[in-house]
């Protein structure tokens, strides 16, 4: 009972802190939204290292479920404190679909890659999902790409292919875990395209993000026994990591990102996504001892440059709220 009361108190204090910080941002416009976007990218990029720490004791699926569940709870708490509607504004089937494709499959694959290939490589491959969104948007939504965006796709997919071959570039030695992360990125993209019609006009982004995280966490919790775990750890350590990842790694950057989108041009804000894999790789080097190999270096350069070229153009947003993550891939013009 004491533990439950303590957890509730911590959740309330977290919600109050988020409300005081992000709520003031919503009520008082800032001169430039770019610092908010940069802080969001920093939070998402730095989340890969503690994600690996948590996965060491809870396994990939258990760690992903805990992070997403806590992130969803933090967003729900924020909305309750601010008296905002909890309804996602989309049909239940859409929420379930996004929870499965964009959350459970995406984060399950990403955390699998974190455990088996490292946080740095996973950060590069997981953030390639806007590249797949661009291709699918052309094929199924009739979108058009500019010249620089086409060049960006070339750079991006060369980077993806290089990073997948983490065992060596020549002869190519792709690894299964790296391929699974790419499949997860593709699942996010497919989820975006399938749900695009339902999300363009009627969705409530923060609420949808909370519901999507929660549904995805349930899916991942169900399959978590199949992910295994590396070793037992202390409850205090794991709880601290869950709070850190759920609040600082998910809820806070989600709120900051959507406020930045509200205050600035979507094309300018979304272009900052190229920083997430760079931060992920840069933080994994000193904190996890992951060196910059040739496949990872080429992959990082190609994916980051590709993201910047593809996303810097004028866009309309589709997809659900950011999570992994959480972030929202933009729809192309």
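Values in this text are rule-based calculations from the coordinates and carry no lab data. Note that this is a predicted model, so its numbers are computed, not measured. For neighbour counting, all protein chains shown are included, and Cβ atoms are generated from backbone atoms with ideal geometry for every residue, glycine included.
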Between the range 247-300 and the range 130-184, what's the alpha-carbon centroid distance in Å? 17 Å
Under the rule a/c < 1.5 gives rounded, and otherwise a/b versus b/c splits prolate from oblate, where does the range 31-179 land using the Cα gyration tensor? oblate
Residue exposure sequence - 293, 103, 192 - by fewest surrounding Cβ within 10 Å: 293, 192, 103
Ranked output for segments 93-101, 181-189 by mean other Cβ atoms within 10 Å, highest leading, reads 181-189, 93-101
Can you tell me how the range 98-173 classifies by the Cα gyration tensor, rounded, prolate or oblate, using a/c under 1.5 as the rounded cut? oblate
How would you rank 211, 53, going from fewest to most other Cβ atoms within 10 Å of each one's own Cβ? 53, 211
Proxy exposure order for 304, 32, 123 (fewest C-beta within 10 Å first) is 32, 304, 123
Restricting to Cα pairs under 8 Å and 6 or more apart, the percent relative contact order of the range 120-192 works out to 48 percent
